[in-house]
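What follows draws every value from the coordinates through simple rules; no lab data is involved. The model shown is predicted, which means the values in this text are computed figures rather than measured ones. Cβ sites come from the backbone with ideal geometry, for glycine too, and all protein chains shown count toward neighbours.
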Amino acid sequence: MAFKQTIAIIGAAGRYGAAFAKALSTGPYRLLLMDPKQGALPAIQAEISQSCSHPDVEAVSCCKEASWEADIILFTLPFSERDHLVAKMQEVVTRKTVLFLLEKPEENALAVLKQQLPHSGIVTVALYLPAGTGNNERISGNDAEAINTARALLHDIHFNSII
């Protein structure tokens, strides 16, 4: 039996979180969906269940619980909403890959996140591409293994086609 990686999607009820949940649900992953708007998660779970024969998807109410159980954490909420949730996750994301989607340019995002989660592999994924940049510049991080994990994950789900 193959090992399934567990991915926590923090912000799973939002546009990007739901898109990632749907794309990841067809792969060899166990998904933990968390969103401050808990009421929206059953609809996403139902949609995934209808489109995927054997989804391994669970809604959780706490970002700390989701992050504790996860191998990879995908944070899809706006960057401005991260502080209180990151504070709850801090003690359980040590040595884990944490991907933060950035909807708009955030000048010091990586430095701020490295300070908040110093023992995690931080990766920022830009959903925007400034003029003159290549697709590989979409991803930056503080840990080569975390960057490679993020690139492989985004490649597997055909990232460019879901944004």
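Taking 0.36 nm per residue of sequence separation and subtracting the Cα-Cα distance, how much length would be gained by fully extending the chain between Gln50 and Cys62, in nm to one decimal?
Taking Gln50 through Cys62 to full extension adds about 1.8 nm, to one decimal.
Would you give the gap between the C-alpha center of the range 60-101 and the C-alpha center of the range 1-57, rounded to a whole Å?
15
Where does each of 46-55, 113-122, 24-33, 82-91 land if you order them by average Cβ count within 10 Å, highest first?
24-33, 113-122, 82-91, 46-55
So what is the 222 nm mean residue ellipticity for the chain from helices alone, if each DSSP H run of at least 4 adds -39500 (n - 2.57) and you divide by all residues, rounding to the nearest 500 deg cm²/dmol?
My calculation for the chain gives -10500 deg cm²/dmol from helical runs alone.
Pairs of Cα atoms under 8 Å, at least six residues apart: use those to get the relative contact order of the chain, whole percent. Can you show the working numbers first?
On the way: 287 pairs, mean separation 31.0, N = 163.
Normalised by residue count, the contact order of the chain is 19 percent.
Taking only C-alpha pairs under 8 Å that are 6+ residues apart, what is the relative contact order of the range 79-121 in percent?
57
Using the scaling law 2.2 N^0.38 Å as the reference, what is the normalised Cα Rg of the chain? Before the final figure, lay out each step's value.
Values: Rg = 14.7 Å, N = 163, 2.2 N^0.38 = 15.2 Å.
In units of the 2.2 N^0.38 Å rule of thumb, it is 0.97.
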